[in-house]
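Taking it in order: structure first as structure tokens, then the write-up.
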Amino acid sequence: MLQPSSVSLEVTGRCNQECLYCYNRDRGSDRTACDMDTESILEVVDLIAREPIRQITLTGGEPLLRQDILMVIDRIASRGLRIGVVTNAIAADPKLASELASRGISYAQVTFLGHDAGSHDRIAGHGSFAARHAGVRSLLAAGVPVGGAFICTRLNHQVAAATLEAMWSWGIREHMCFMRLCSAGHAARSAVALAPSMEELVEALTQADRFAARHQIHVHNKIPIPPCIVRAKDFPNIVFSLCGAGVEGGECFVDQRGAVRLCGPHKLELGNLRQAALADLLDSGMVLDWKKNCATDCAPCHLHDSCRGGCPAAEDDPLQEQFWPARIAEYERELQTKLL
């Protein structure tokens with residue numbers, strides 16, 4: 001039976017920005033028009049907390065837009081679980097930052113698309129850079145551990161190192177992340193314009209690797225990149241991840257209504273916590289069928305069961321569609337040569 005170690009809980013579908021890279025599947029739909037009431041969201045927290053997990057990560061939308069977000073955090077803390085928050089930090093004024101710090105949240109993860117307003121705002125919207133930076137300053141001043149994330153697109157791949165260095169100079173030290181664009185949800189509409197080419201992705205990864213080497217840290221790659229496309233050994237200071245969906249010890253996604261998916265961008269809805277236990281949903285025939293049938297082009301590869309084609313949620317990923325067939329064949333030839 002599959003058992004995740006943490007759950008990503010979407011507490012709201014509302015957001016105060018309109019980022020081009022957003023992979024929220026429900027953005028603009030009726031499901032994001034209003035939040036579930038406090039009693040309902042706390043019930044979902046309790047349903048998650050009865051599972052043997054270690055952490056709940058609050059996501060959205062923008063989780064800090066909920067007026068009762070501190071009550072949600074308090075309920076999670078009362079269940080003895082670690083708490084993470086994925087936020088754009090715009091709502092994190094000094095007062096809210098102080099409240100978050102007093103509750104001992106494990107980290108707040110904030111994404112930047114560039115090292116200045118010019119590079120960042122063209123993807124995340126006018127005024128976004130300054131507003132996020134102000135929120136980060138409040139969080140750090142209050143003592144909240146802040147993690148930094150860079151999302152690589154065609155429009156900003158050339159400033160990967162500059163962006164990571166900017167976050168480092170502000171005092172961001174927790175779990176620096178590199179993510180390639182996930183062409184799912186809203187981002188699928190702009191996939192052709194935003195998705196980096198393999199050369200652009202490699203350039204950005206090279207910059208991130210050198211940044212990590214300079215500061216003697218590791219940068220964590222969070223949106224899986226197929227190992228047949230990019231060789232992890234070429235980037236020794238980057239920790240590459242594989243698809244965590246449907247594996248023991250991974251993370252799954254629950255929305256504020258209790259609906260369960262393998263991850264946030266994934267389209268497959270498994271059921272609802274109000275009707276079934278999380279472990280049972282993750283061990284269902286739907287998950288087994290998905291694991292068997294996802295990334296069928298990669299079926300001959302010996303890494304299929306762990307890689308699943310990189311990020312299966314990004315169904316229209318130009319990078320994977322363009323390079324899968326040729327690189328899979330080349331990768332297998334390389335492996336056979338090593339075995340001879």
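The values are calculated or read from the model by the stated rules, or taken from the named source; none is laboratory data. Just so you know, these numbers come straight off a predicted model, no measurement behind them. In this analysis, Cβ positions are derived from the backbone assuming ideal geometry, glycine residues included, and neighbour counts consider all displayed protein chains.
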* Asked: Of all residues in region 280-316, how many are of a type outside the set (D, E), surrounded by fewer than 14 Cβ atoms within 10 Å (Cβ to Cβ) and part of a helix (DSSP H, G or I)?
  -> 6
* To do: Can you confirm whether region 94-101 contains a residue that is crowded, with 18+ Cβ neighbours inside 10 Å, at pLDDT 95 or above, more than 23 Å from V11 (Cα to Cα) and more than 18 Å from the chain's Cα centre (by Cα)?
  => no
* Asked: From the residues in region 192-245 that are of a type in the set (K, R) and in a helix (DSSP H, G or I), which one is surrounded by the fewest Cβ atoms within 10 Å (Cβ to Cβ)?
  -> K233
* Asked: Does region 223-254 hold any residues that are in contact (Cβ under 8 Å) with a residue 40 or more places away in the chain and over 15 Å from the mean Cα position of the chain (by Cα), and which are they?
  -> P226, P227, C228, I229, I238, G246, V247, E248, G249
* Hey, does region 138-160 have a residue that's surrounded by 23 or more Cβ atoms within 10 Å (Cβ to Cβ) and over 29 Å from F235 (Cα atoms)? -> yes
* **Matching residues in region 7-50 - criterion: being at pLDDT below 90 and under 23 Å from S284 (Cα atoms)** => R25
* Asked: Do we have R66 as closer than 16 Å to Q17 by Cα and among the basic types (K, R) here?
  -> yes
* Asked: Do you know which of the residues in region 161-182 that are touching a Pro at 6+ places or on another chain (Cβ under 9 Å) and crowded, with 24+ Cβ neighbours inside 10 Å is nearest to V230 (Cα to Cα)?
  -> R180
* Structure fact -> So, first residue surrounded by fewer than 19 Cβ atoms within 10 Å (Cβ to Cβ) in region 112-134, second residue of a type in the set (D, E, K, R), Cβ within less than 6 Å, six or more apart or across chains; the pairs are G125/E18
* Asked: Taking region 168-212 only, how many residues are at pLDDT 95 or above and within 19 Å of the chain's Cα centre (by Cα)?
  -> 7
